[in-house]
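Comments concern the structure below.
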Amino acid sequence: MSERNDKVRLIDMLEAAEKVVRDMNGVALENFLANEILRDAIVYRLQTIGEAAYKITEPVKLAHPSVDWF
């Protein structure tokens, strides 16, 4: 299994965030809460971001201290 590096993880985080923004654009809170499929998709993408952030290496985290990595 190939090892994922920071660049790939950062790209994963960016793509997931872009999808969250795209899918939530114009969605009212009531509609979001009523749509289980959309909620599940957003939660999955947020988990993707969190898991990737957690695995970012320490040198990158130290180089960007203003980012709340997890």
How much area per residue is accessible in region 31-70 when the probe is 1.4 Å and only protein heavy atoms are counted (Å²)? 77
Where does each of LYS55, LYS61 land when they are ordered by accessible area, with a 1.4 Å probe and the largest first? LYS55, LYS61
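Using 0.36 nm per residue, how much length does the chain from ASP68 to ASP6 gain when fully extended, once their Cα-Cα distance is taken away?
Values: separation 62, 0.36 × 62 = 22.32 nm, distance 1.56 nm.
Length difference between fully extended and current span is 20.8 nm.
One quarter of the convex hull surface, Cα atoms only: what value does that give for the chain in nm²?
Numbers: hull surface 23.1 nm².
Taking a quarter of the hull surface, the average projection is 5.8 nm².
Kindly rank 17-26, 43-52 from highest to lowest mean number of other beta carbons found within 10 Å of each residue. Each step should come with its number before you reach the end.
Numbers: 17-26: 11.6, 43-52: 15.2.
Listed from highest to lowest mean packing, they are 43-52, 17-26.
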Let's see if you can work this out: charge +1 on each Lys and Arg Cβ, -1 on each Asp and Glu Cβ, no other charges. What is the dipole magnitude of the chain about its Cα centre, in debye to the nearest 20? 160
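The values are calculated or read from the model by the stated rules, or taken from the named source; none is laboratory data. Quick caveat: nothing in here was measured; it's all calculated off a predicted structure. All Cβ positions, glycine included, derive from the backbone under ideal geometry; neighbour counts span all protein chains shown. Only protein heavy atoms, including side chains, enter the accessible area calculation; ligands, DNA and RNA are left aside. Shrake-Rupley method; radii C 1.70, N 1.55, O 1.52, S 1.80 Å.
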